[in-house]
Structure formats: structure tokens, C-alpha cells
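Asks: Attaching a single structure in C-alpha cells format; questions to follow.
The values are calculated or read from the model by the stated rules, or taken from the named source; none is laboratory data. The structure presented is a predicted model; accordingly, all values stated were derived computationally and were not measured. So basically every Cβ, Gly included, is an ideal-geometry build from the backbone, and we count neighbours across all protein chains shown.
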Amino acid sequence: EKGGYDYFMLKEIAEQPKAVADTLLGRIDAAGSLSLDELRIPDSVLREIDKIVIVACGTAFHAGMIAKYAIEHWTRIACETELASEFRYRDPILDPRTLVIAISQSGETMDTLMALRHAREQGAKVLAICNTNGSTIPRESDAVLYTHAGPEVAVASTKAFLTQLVACYLVALYLGQVRGTKWGDEVRSMIRELSAISTQVEQVLGTMEPVRELARALADKDTVLFLGRHVGFPVALEGALKLKELAYMHAEGFAAGELKHGPIALIEDDLPVVVVVPSPRGRSVLHDKIVSNIQEIRARGARTIVIAEEGDEAVVPYADHLIRVPATPTLLQPLVATVPLQVFACELATARGNEVDQPRNLAKSVTVE
Ligand code: F6R
């Protein structure tokens, strides 16, 4: 059943190119536009939306954090992403022009379900992004966009996460397309770029041996830190979450700009710090800032593990370990940058003798609040 892999997690990591391609399948028409008729929310309603709130837990929450950057940029609709377990306890402001997006692999997460029930009671429209046909969350939503990752068995979410991202990008681009924004050309070119992602994920998977070697070398460490900016920040949080749940190590993700406001005090000799570097093309200011963050932590002794796109030479002098990912538009980079972090956590867990598919104290779907 594990298809020759030792763990479901390894199998599911390897299935990601297909999961991503399957989630795009049938949703881009011959003219290169998106057709998401399955949403069943009329375009006239989508044009009136003036606020988007994304609710989710854990890994799905990280997908929602990334979606916020994409939605605000491509649609110019204000978007906030909130942990489902916090959302309804703060009396959120919702009305019929609010679109709430609930992201859930299982479709059964109680916190997310309670959040969407609360949203519907306030009159908001709810769109579910879900991987499980006919599960509770899509049944209780106004509309659903299914991710086509196939069944995810390992407790740690991998392929579901990548397909959640794809679904979020599709929603963001579709809203951009329906409403027409000044980014019309960019929306069209992003649809093309998304079609290339499956192959790029495949490329990343083909270069993971040094990442596994590095993970084994770090098996005795107590702490690993993760840094990122912009969409690299949620990627850092996701890398840290994977390491906690699988390797049972202390792992934390930070927005790199926050370093100087506290976390830099944690840096000590030989502390592994993974840094997700945005593309030097496009938002180059971000890139330059993070390169100086890498310099700062390295000067204080950190062992820098740098994830950067091919051809980015500026990071080379400061990287103790360099993990290359294919060049993508910045907003799409999480689709390739997350993959090495999954492999890293899985290999570290194995090296520490942990049960990869069934981490202690965790269940695949959390049906209690
Ligand atoms: C982490 C993980 C969890 C889930 C979270 C939400 O690897 O799997 O953090 O992402 O429990 O689950 P779903 O997506 O089923 O609502």
C-alpha cells in the first residue's frame, strides 16, 4: 500500500507533482483562463465581496497565510487569515459581503467547522477548500473547491498542503479575473506559471539527497530555527511545525524582520537556522534584506541552511548549506520551497528513531474543539 516507500509520508511527498497537476486539471480552459463553475457562487456575488477571511488550523492555516498575500495582491480585496480556534471567540465583523474561506484537508476539523458555522450565522458566504469529498465542512459551506491530492494517510500533511496552496491561488486568480484588476496581465501570466509548477516540484524532489544527508547530520541538535519574509514567513512556520510534530525537536519560525526585535538573542554557535530566500527578481528589496539577515546570524555563529532559487549568487558566501529551488514568481515560491522542509523533517524524524506516519500524541483529524 505504501507503494514501495518505507512510510506513507515519503509516498505522499513523492506524489506531490501529480497532486498539484490534478488540482489544476480541468480548471484552466483552452484560452488560458480559469473556469471554476463548480464554485456555484455567481460572479455577480463575487464582484460584490469586500472582505475575505480565511479560517483554518495547523498546516492548512499556513496555506491560508500564504493565500492572504496572493489574494490581496491580485484582487485588492482586504483579506485576513485567522486560526479557526481563535476566530469566533473575538466576535468577528462579518456580513453578506464577506467571503469566508475554510481550508481543511479532512473536512472534519472541529475548530474549522465551528468557525464556518459562526460565519454563516452572521450571513457571510463560506467557501470550503477541502480534500475529502462529502465531508462535513464542504457539506455545510455555500460552495466548495476540492483539492485533488488523493487520500492523505500520514498524519503530517504534505501533498494536501501543496494542493491547498494551488486551490488558494486559483481562487485568488479567479477573483482577479472576475472582478478585473489592474493586474490583468499578471493574472494571465500566473495561470501559465501555475501550470509549470508540477514539473518544478518534480525537479526539487530529484535533488533532495543532500537535504537528507544534512538532516541526518543534525539528528542530535535540540533546536532548529526557520526564517522567512513575505510568503517565505508561512513557509518557515510550516517547516518548524513539521519538525516539531515529526522530529519532536524545538523548532520555531520567525519573520526575518522580527529577528532584531528579540529572536536574534537565541543565535549561538552552530545553531541550525533555515532561511527561505525570496526571488531576487521582482521584489528585490525583500531579497536584499534577507541576505543581510543571513549575514547577521552567521556573524553570530549560526549554521545557515539557505533555500534560494537557482542563479541567486548573492546568498552563496553566507550559506553553510545551500538548497536550490527552481525560479518561480515570488508569490508561487512556497510550492517549491516547502518541499525540502518536508523531506528534512521526515529524514530527521527517521534518524531520531521516531514513528514518521504516526507521531506521538497526534491524530490525523482533530474532531474535538
Ligand atoms: C500538520 C497537520 C495539521 C493539520 C490540521 C488541520 O502536518 O497535519 O496541522 O493541518 O490539524 O487539519 P485539516 O486540514 O484536516 O483541517
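Results for (1) within 14 Å of the ligand (Cβ to nearest atom); (2) modelled with pLDDT of 95 or more; (3) crowded, with 20+ Cβ neighbours inside 10 Å; (4) part of a helix (DSSP H, G or I), shown as yes or no for each residue.
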{"site": "H73", "(1), (2), (3), (4)": "no, no, no, yes"}
{"site": "Y89", "(1), (2), (3), (4)": "no, no, no, yes"}
{"site": "P92", "(1), (2), (3), (4)": "no, no, no, no"}
{"site": "P96", "(1), (2), (3), (4)": "no, no, no, no"}
{"site": "V126", "(1), (2), (3), (4)": "no, yes, yes, no"}
{"site": "T132", "(1), (2), (3), (4)": "yes, yes, yes, no"}
{"site": "F161", "(1), (2), (3), (4)": "yes, yes, yes, yes"}
{"site": "Y169", "(1), (2), (3), (4)": "no, yes, yes, yes"}
{"site": "L175", "(1), (2), (3), (4)": "no, no, yes, yes"}
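Asks: A further question follows. Please specify each residue of region 9-41 satisfying the condition of being more than 16 Å from L205 (Cβ to Cβ) and touching a Lys or Arg at 6+ places or on another chain (Cβ under 8 Å).
Replies: The answer is G32, S33, L34, S35, L36, I41.
Asks: Is region 31-54 home to any residue that is within 15 Å of the ligand (Cβ to nearest atom), touching a residue at least 12 places away in the same chain (Cβ under 8 Å), out of contact with any Asp or Glu (no Cβ under 7 Å at 6 or more places or on another chain) and not hydrophobic (A, V, I, L, M, F, W, C)?
Replies: No, because not a single residue in region 31-54 is within 15 Å of the ligand (Cβ to nearest atom), touching a residue at least 12 places away in the same chain (Cβ under 8 Å), out of contact with any Asp or Glu (no Cβ under 7 Å at 6 or more places or on another chain) and not hydrophobic (A, V, I, L, M, F, W, C).
Asks: Can you confirm whether region 205-212 contains a residue that is without any contact (Cβ under 8 Å) to a residue 40 or more places away in the chain, surrounded by fewer than 16 Cβ atoms within 10 Å (Cβ to Cβ) and part of a helix (DSSP H, G or I)?
Replies: yes
Asks: Inside region 261-369, counting only strands (runs of 3 or more DSSP E) that do not spill past its ends, which hold 1 or more residues that are in contact with a Phe, Trp or Tyr (Cβ under 6 Å, 6 or more places away or on another chain) and among the aliphatic types (A, V, I, L, M)? Show your work before the answer.
Replies: Numbers: elements: 272-276, 303-309, 321-325.
Strands (runs of 3 or more DSSP E) meeting the threshold: 272-276.
Asks: From A251, A156, A215, grab the single residue that is of a type outside the set (D, E, K, R) and farther than 22 Å from V306 by Cβ.
Replies: A156
Asks: Next question. Just give me the residues in region 232-246 being touching a Pro at 6+ places or on another chain (Cβ under 9 Å) and either surrounded by 24 or more Cβ atoms within 10 Å (Cβ to Cβ) or among the small types (G, A, S) (or both), in sequence order.
Replies: Passing the criteria: G232, P234, V235, E238, G239, L246.
Asks: I'm trying to understand the selection: among the residues of region 89-110, which are over 16 Å from T132 (Cα atoms) and in contact with an Asp or Glu (Cβ under 6 Å, 6 or more places away or on another chain)?
Replies: R97
Asks: Could you please find all residues in region 136-179 being over 19 Å from the mean Cα position of the chain (by Cα) and over 18 Å from V100 (Cα atoms)?
Replies: The answer is Q177, and nothing else.
Asks: I've got another one for you. Only residues that are touching a strand residue (DSSP E or B) at 6+ places or on another chain (Cβ under 6 Å) and among the hydrophobic types (A, V, I, L, M, F, W, C): list them for region 83-112, please.
Replies: Result: A84, F87, L99, V100, I101, A102, I103.
Asks: Further, regarding this structure: Within 16 Å of the ligand (Cβ to nearest atom), acidic (D, E) and not in a loop (DSSP other than H, G, I, E, B): which single residue out of E186, E202, E245 fits that description?
Replies: Numbers: E186 fails: within 16 Å of the ligand (Cβ to nearest atom); E202 fails: within 16 Å of the ligand (Cβ to nearest atom).
When all the criteria are applied, what remains is E245.
Asks: Check off (1) within 16 Å of the ligand (Cβ to nearest atom); (2) under 24 Å from P334 (Cβ atoms); (3) modelled with pLDDT of 95 or more for A154 and give me the number that stays unchecked.
Replies: Among (1) within 16 Å of the ligand (Cβ to nearest atom); (2) under 24 Å from P334 (Cβ atoms); (3) modelled with pLDDT of 95 or more, A154 violates only (3).
Asks: Going by the structure shown, is A363 surrounded by 19 or more Cβ atoms within 10 Å (Cβ to Cβ), on the phi < 0 side of the Ramachandran plot and within 16 Å of the ligand (Cβ to nearest atom)?
Replies: On the way: surrounded by 19 or more Cβ atoms within 10 Å (Cβ to Cβ): no; on the phi < 0 side of the Ramachandran plot: yes; within 16 Å of the ligand (Cβ to nearest atom): yes.
Against the criterion (surrounded by 19 or more Cβ atoms within 10 Å (Cβ to Cβ), on the phi < 0 side of the Ramachandran plot and within 16 Å of the ligand (Cβ to nearest atom)), A363 does not qualify.
Asks: Which is in a helix (DSSP H, G or I) and polar (S, T, N, Q), of S141, S157, S195?
Replies: None of the others qualify; the one that does is S195.
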